[in-house]
Amino acid sequence: MVMLQRCIFRRILQPFYSGHQGTTKSLLSAGFPIKLLGGHGGAAGHRSKSTVPDVRERTLIAVKPDGVQRRLVGQIIQRFEQRGFKLVGLKMLQVPDDLLAQHYSQLRTKPFYPRLLEYMTSGPVVVMVWEGHKIVQTTRTMVGHTNPAEAQAGTVRGDFSYHVSRNVVHASDSLEMAQREIQLWFQKKELLNWDCCDQTITCEV
């Protein structure tokens with residue numbers, strides 16, 4: 001809240017900063033808090049990091065070939081951005097068979113596995129890594145049930161898909177699986193660590 005107030009005060013007082021030397025001193029004497037005017041005011045002017053929860057949990061989201069073919073990539077990205085999550089990795093690729101074999105290793109014995117590989121190699125995939133507070137749990141809810149017939153309206157699958165064989169998007173189903181899948185699809189150098197300007201506003205507790 002202090003950061004937001006500071007931005008508002010700076011915008012209001014910008015003309016005074018550029019044209020009047022004594023403005024800040026006068027405002028202080030009028031009772032404006034020093035931390036709102038850009039000063040530190042000692043230790044009280046610094047926000048403790050302990051008030052901000054851990055927002056570095058990451059998950060893997062992939063727009064499958066049917067989602068790419070139907071030009072849904074932008075709408076899917078928009079949903080995660082509007083929720084407040086931070087995009088830290090993004091790429092488009094034609095997925096090789098060996099990568100899919102590792103990604104779907106637990107499904108190799110299933111009778112539908114050959115059809116799954118055929119589907120996932122039928123066109124390009126857009127794969128992303130998103131970061132945020134409790135993001136694995138939240139994105140699974142946003143994506144919706146694996147079977148679109150059971151997915152609620154408002155979820156990605158509930159809005160954009162109607163058959164389990166073409167369910168538009170993949171989302172990691174646990175924190176452990178997310179870590180495994182991110183390492184599988186991305187090299188460390190492909191993931192960016194950057195500061196999002198709204199992090200304190202959206203995540204402060």
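Applying the selection to the range 76-109, what residues are in contact (Cβ under 8 Å) with a residue 60 or more places away in the chain and either among the aromatic types (Phe, Trp, Tyr) or closer than 22 Å to His163 by Cα (or both)?
Ile76, Arg79, Phe80, His103 - these are the residues of the range 76-109 that are in contact (Cβ under 8 Å) with a residue 60 or more places away in the chain and either among the aromatic types (Phe, Trp, Tyr) or closer than 22 Å to His163 by Cα (or both).
Working only within the range 55-75, note down all residues that are of a type in the set (A, V, I, L, M, F, W, C) and either under 11 Å from the mean Cα position of the chain (by Cα) or exposed (fewer than 14 other Cβ atoms within 10 Å of the Cβ) (or both).
Across the range 55-75, the qualifying residues are Val55, Leu60, Ile61.
Since Thr155 meets every condition but one in (1) open to solvent by 40 Å² or more (accessible area, probe 1.4 Å); (2) modelled with pLDDT of 95 or more; (3) of a type outside the set (A, V, I, L, M, F, W, C), which condition does it not meet?
With (1) open to solvent by 40 Å² or more (accessible area, probe 1.4 Å); (2) modelled with pLDDT of 95 or more; (3) of a type outside the set (A, V, I, L, M, F, W, C) applied to Thr155, the lone miss is (1).
When you scan the range 23-92 for helices (runs of 4 or more DSSP H) that lie fully inside it, which ones turn up with 2 or more residues that are modelled with pLDDT of 95 or more?
Counting at least 2 such residues, we get 65-69, 73-83.
Does the range 132-143 contain at least one residue that is free of Cβ contacts under 8 Å to residues at least 60 places away in the same chain, under 20 Å from Gly89 (Cα atoms), among the basic types (Lys, Arg) and open to solvent by 50 Å² or more (accessible area, probe 1.4 Å)?
Checked the range 132-143: at least one residue is free of Cβ contacts under 8 Å to residues at least 60 places away in the same chain, under 20 Å from Gly89 (Cα atoms), among the basic types (Lys, Arg) and open to solvent by 50 Å² or more (accessible area, probe 1.4 Å).
Among residues belonging to the range 169-204 that are modelled with pLDDT under 95 and part of a loop (DSSP other than H, G, I, E, B), point out the one that is least open to solvent (accessible area, probe 1.4 Å).
Cys196
The values are calculated or read from the model by the stated rules, or taken from the named source; none is laboratory data. Note that this is a predicted model, so its numbers are computed, not measured. Using ideal geometry, Cβ is built from the backbone for each residue, glycine included, and neighbour counts are taken over all protein chains shown. These area figures cover heavy atoms from the full protein model, side chains too; ligands, DNA and RNA do not enter into them. Shrake-Rupley method; radii C 1.70, N 1.55, O 1.52, S 1.80 Å.
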